[in-house]
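Colleague: Submitted below is the structure of interest, expressed as structure tokens.
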Amino acid sequence: MRTLYAAVLMAGAAVIAAPALAADMPYYPPVIEIPDVDYGYSGSFYLRGSAGLNLMWAPHVNHPSVVNGSGIFAINQFGYGYSIGAGAGYELGNGFRVDATVDYFANDNMRTTLVDADPPLTNGDHTLSLRSTVVLANAYYDFPLTGGEYGAAGGMFGYVGAGAGVAFNDVISQGSAVPDTRGYNTSFAAAAMVGVGYDFGQVVADVGYRGLYINRVQNNAATYPYTIDNNFVHEVRGTLRYRFN
């Protein structure tokens, strides 16, 4: 009987003391882990399209058929033209990306002036029209210009890049008092790029400079063949990229 009485008293004391003890105990709310929202694009394939204007220059043209003199004549006027192109690539998600591009390249009126030329060459101005298909494999690094990490939609970024490949050249020359001649050749090509852009998320737009190098432009015409080595092209291009996530 005494044991039962003691148990009842202890239970009553516990009921009375519980609110006071609860008031003195610190409250720790449950911690709920919420993952960070990823606003970037990681591991994205993309398609791209470009268009630009260009200037081309080379140091000289070499006419091996010239007997008197060296047959080397200085280039004295830039050629001018345009390019359009398309490509496909992949973004690694850390600022680096790679792509392959195909460009149709057109340039006209790069000029040399021949003096004391041997027949069948004639003295005077001779100009070049070049139509090329330029295929390049490229690598780039994109970096933010407005803070934060690259890949966040709505940010400005800059980029640098380089590429290497081949140019398939269609060469047409126009000369003084001689018929036009046409030839074809394939040459090594390389490029360096720099520019700025804006990341809209699914679509990315940029404007930049591309320095394009074409190792050799060659016309193997039977009457007066020639080669133009070390051709340098300066381009200003705009590009749009569309991401697939």
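Colleague: Taking a probe of 1.4 Å, how large is the accessible area per residue of the stretch 157-225, in Å²?
Modeller: Details: 2920 Å² over 69 residues.
Spelled out: the 1.4 Å probe surface of the stretch 157-225, per residue, equals 42 Å².
Colleague: Can you give the FRET efficiency to the nearest 0.05 for TYR198 and THR113, using r as the Cβ-Cβ distance and R₀ = 45 Å?
Modeller: Computed FRET efficiency for TYR198 and THR113: 0.50.
Colleague: Here is a follow-up. Give, in nm to one decimal, the length gained when the segment between ALA106 and LEU145 is fully stretched (0.36 nm per residue of separation minus the Cα-Cα distance).
Modeller: 10.7 nm
Colleague: Can you bin every Cα-Cα distance in the stretch 73-120 into 10 Å intervals starting at zero and give me the percent of pairs per bin, rounded to whole numbers?
Modeller: That works out to 19, 25, 22, 18, 11, 5, 0, in percent per bin.
Colleague: Let me ask something else about it. Using the Cβ atoms and a cut-off under 12 Å, what net charge is assigned to the surroundings of GLY158, where Lys and Arg are +1 and Asp and Glu are -1?
Modeller: -3
Colleague: Please get the size of the charge dipole for the stretch 44-243, origin at its Cα centre, with Cβ charges of +1 on Lys and Arg and -1 on Asp and Glu, quoted in debye to the nearest 20.
Modeller: Magnitude of the dipole: close to 240 debye.
Colleague: Let me ask something else. In the stretch 44-243, carbon and sulfur make up what percent of the accessible area (probe 1.4 Å)?
Modeller: That fraction is 65 percent.
Colleague: Each residue of the stretch 229-243 in order: what ³J(HN,Hα) in whole Hz does its phi give by Karplus 6.51 cos²θ - 1.76 cosθ + 1.60, θ = phi - 60°, with x for Gly and Pro?
Modeller: 9, 6, 8, 10, 10, 10, 10, 10, 10, x, 9, 10, 10, 10, 8
Colleague: Can I ask one more? Sorted from largest down, what three extents in whole angstroms do the Cα atoms of the stretch 44-243 have along their principal axes?
Modeller: Largest first, the stretch 44-243 extends 65, 24, 22 Å along its Cα principal axes.
The values are calculated or read from the model by the stated rules, or taken from the named source; none is laboratory data. Predicted, not measured: the structure shown is a model, and the values here were computed from it. We place every Cβ from the backbone using ideal geometry, glycine too, and count neighbours over all the protein chains shown. These accessible areas exclude ligands, DNA and RNA; they are computed on the full protein's heavy atoms, side chains included. Shrake-Rupley method; radii C 1.70, N 1.55, O 1.52, S 1.80 Å.
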